[in-house]
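Since the structure comes first, as structure tokens, the remarks are kept for the end.
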Amino acid sequence: MSYPTQPTASHFINGQYVEDTDGAAIEVIYPATGEVIATVHSATPAIIDAALDAARAAQAAWAAMTGTERGRILRRAADMMRAANHDLSVLETYDTGKPYQETSVVDATSGADALEYFGGMAATLTGEHIPLGEDWVYTRREPLGVCVGIGAWNYPTQIACWKGAPALACGNAMVFKPSETTPLCALKVAEILHAAGLPKGLYNVIQGMGDVGAALVADARVDKVSLTGSVPTGRKVYAAAAEGIKHVTMELGGKSPLIIFDDADLENAVSGAILGNFYSSGQVCSNGTRVFVHKAIKHAFLKRLTERLATAVIGDPMDPQTSFGPMVSERQTSIVLDYIAKGQAEGARLVFGGARMDRAGFYVQPTVFADVHDDMIIARQEIFGPVMAVLDFDDETDVLARANDTEFGLAAGVFTCDLTRAHRIAAGFQAGTCYINTYNDAPVEAPFGGSKASGVGRENSKAAIEHYSQIKSVYVRMGDLEAPF
Ligand code: NAD
């Protein structure tokens, strides 16, 4: 199998591709067929050292450039990513299995948005002047130093950019470790950044499993860690970062609620439930997988939902008509099938799908359970696959309490035509990212991130700057200084 933009080696360090075949081989599998399409090698200690040393060496000169100069490079990279969108989207589809119909409008494009947005912001990052009578304090917004980014497998290009763009805009260097399941796309991000003029050493990509991530987090050369991953991994990375008192951003998992009131526009609500459960075959952290539907419209909702799910085009992800693709891996497929079996064993009513598809690759049907209760496993644990749990409700106060009754707090959504109720519910949600009459939009202008166990810190927007820079205050005395002795 060939694809147009194959990276030429496993790692990208100090401005160039680097190989070290002493590292354990990691096979890259195309989820639509199960074929091995590439092999990369896990970073050896020498590769980890080389990446961190390169980042350390390059960072100070980068921070000394003006924001305008840094931003110009990021914006040039954004333009180059957009120009290469087709090839990057094909690569993203091979890496993840997500349909080209999605990757061509979501992945390299949202990565480019982040590069453009933070590139534009780089020149605006300033401190402030605080007058104190004759004396004064001024603040400097300074970079953190070397930032480590660790990615999940569902949005490899986007995650590489969402972490890299604000880090670089603020004057940091980055070492990025993609998920071992989808190692290819971040290498192309590094290649494009350097082709756009990024000085060598500032954005390095190294491969590996959790042990490589853990080695990066523990290293004294690292000042900040930004993880996108599951809550159990987040706990480990947060604890390891605490050992070195390092800055962290944690973008973790969720089991988000989506509440649909009986006055909602039914077609829009069904669209929201589809987008919030089946896009990327359900492998989206912020998905609204607990769908609370008012009893008065339950029947109508399930009827329209199942009618529309029957029109999903499931098949070859490279076919632009395909709207639903495979799971990322055999492992994730069996995790999802296991949850489906648990749902059936617990007495949830299967109203759509529920099985692996009889074809090559890792295809699981879009699956809907109705009559789900709050204490069922499928309503409590993150499945990270195309499995929607529909729960009934008839009281606003009660449904909000049930929606919030979870350790997670990543996202939440409400569909209603009652203006005040919409805002009342949004205010009551214990979640970092909320939606009214829509679901899963993630524009770069808006903060994105979780509360409770779903995370710490925010990506995107001006808020991300706080997580990739620190404030230094400088007290300036204008007169003589008195001392007690
Ligand atoms: P994961 O937690 O298994 O792995 C995430 C990354 O952490 C991988 O690169 C992995 O190699 C690395 N890792 C594992 N153990 C480590 C350790 N001890 N130290 C350092 N790094 C380590 O997650 P996944 O299965 O790749 O992705 C799915 C999860 O990611 C889901 O829970 C999903 O909700 C979450 N996610 C969250 C967001 C968000 O923005 N909040 C976005 C996408 C995915």
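Summary table below
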quantity: Pairs with Cβ under 7 Å, 6+ apart, first in segment 155-173 and under 17 Å from Leu198 (Cα atoms), second within 13 Å of the ligand (Cβ to nearest atom) and among the polar types (S, T, N, Q); calculated: Trp162/Asn460; Lys163/Ser226
quantity: Residue in segment 38-53 that is without any contact (Cβ under 8 Å) to a residue 40 or more places away in the chain and over 18 Å from Asn204 (Cβ atoms) present; calculated: yes
quantity: Scope segment 348-370; condition closer than 26 Å to Val399 by Cβ, in contact (Cβ under 8 Å) with a residue 24 or more places away in the chain and not aromatic (Phe, Trp, Tyr); matching residues; calculated: Ala348, Val351, Gly353, Pro366, Thr367, Val368, Ala370
quantity: Matching entry among Ala54, Ala32, Ala38 (being assigned to a helix (DSSP H, G or I) and outside the structural domain of Ser280 (by the TED database)); calculated: Ala54
quantity: Members of segment 214-229 found to be under 17 Å from Gly145 (Cα atoms) and either away from the ligand (no atom under 16 Å from the Cβ) or not polar (S, T, N, Q) (or both), listed by number; calculated: Leu216, Val217, Ala218, Asp219, Ala220, Arg221, Val222, Asp223, Lys224, Val225, Leu227
quantity: Matching residues, segment 233-266, being touching a Gly at 6+ places or on another chain (Cβ under 9 Å) and of a type outside the set (A, V, I, L, M, F, W, C); calculated: Thr233, Gly234, Lys236, His247, Thr249, Glu251, Gly253, Gly254, Ser256, Pro257
quantity: Filter result (under 16 Å from Asp95 (Cβ atoms), surrounded by 23 or more Cβ atoms within 10 Å (Cβ to Cβ) and hydroxyl-bearing (Ser, Thr, Tyr)) within segment 180-203; calculated: Thr182
quantity: Gly455 vs. criteria on the phi > 0 side of the Ramachandran plot and either of a type in the set (Gly, Ala, Ser) or modelled with pLDDT of 95 or more (or both); calculated: yes
quantity: Residue pairs meeting the criteria (Cβ under 6 Å; at least 6 apart or on separate chains; first farther than 21 Å from Glu92 by Cα, in segment 5-26; second among the hydroxyl-bearing types (Ser, Thr, Tyr)); calculated: Glu19/Ser10; Asp20/Thr44; Asp22/Thr44; Gly23/Ser42; Gly23/Thr44; Ala24/Ser42
quantity: Lone qualifier among Gly244, Gly234, Gly213 - being among the small types (Gly, Ala, Ser), under 23 Å from Pro447 (Cα atoms) and in the same structural domain as Asn154 (by the TED database); calculated: Gly234
quantity: Segment 257-270 - residue that is in contact (Cβ under 8 Å) with a residue 60 or more places away in the chain and either over 18 Å from Gly432 (Cβ atoms) or near the ligand (Cβ under 10 Å from one of its atoms) (or both) and, of those, farthest from the chain's Cα centre (by Cα); calculated: Asp263
quantity: Top-ranked residue of segment 403-431 - restricted to ones that are buried (at least 24 other Cβ atoms within 10 Å of the Cβ) and within 11 Å of the ligand (Cβ to nearest atom), ranked as farthest from the chain's Cα centre (by Cα); calculated: Phe408
quantity: Qualifying positions in segment 70-114 - within 26 Å of Ala360 (Cβ to Cβ) and not in a helix (DSSP H, G or I); calculated: Gly97, Lys98, Pro99
quantity: Out of Val313, Val237, sole residue that is within 16 Å of the ligand (Cβ to nearest atom) and at pLDDT 95 or above; calculated: Val237
quantity: Filter result for Ile471 (touching a residue at least 40 places away in the same chain (Cβ under 8 Å), away from the ligand (no atom under 15 Å from the Cβ) and crowded, with 16+ Cβ neighbours inside 10 Å); calculated: no
quantity: Number of the exception - Glu251 against (1) acidic (Asp, Glu); (2) under 17 Å from the mean Cα position of the chain (by Cα); (3) more than 7 Å from the ligand (Cβ to nearest atom); calculated: (3)
quantity: Number of positions in segment 122-144 that are in contact with a helix residue (DSSP H, G or I) (Cβ under 6 Å, 6 or more places away or on another chain) and crowded, with 20+ Cβ neighbours inside 10 Å; calculated: 3
quantity: Residue match in segment 329-350 (condition: within 22 Å of Pro31 (Cα to Cα), crowded, with 23+ Cβ neighbours inside 10 Å, modelled with pLDDT of 95 or more and over 24 Å from the mean Cα position of the chain (by Cα)); calculated: yes
quantity: Filtered residue count, segment 440-468, keeping only those that are away from the ligand (no atom under 15 Å from the Cβ) and assigned by the TED database to the domain that holds Gly229; calculated: 4
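The values are calculated or read from the model by the stated rules, or taken from the named source; none is laboratory data. None of the values given here were measured: they were computed from a predicted structure. A quick note on method: Cβ atoms are made from the backbone with ideal geometry, for glycine too, and the neighbour counts reach across all protein chains shown.
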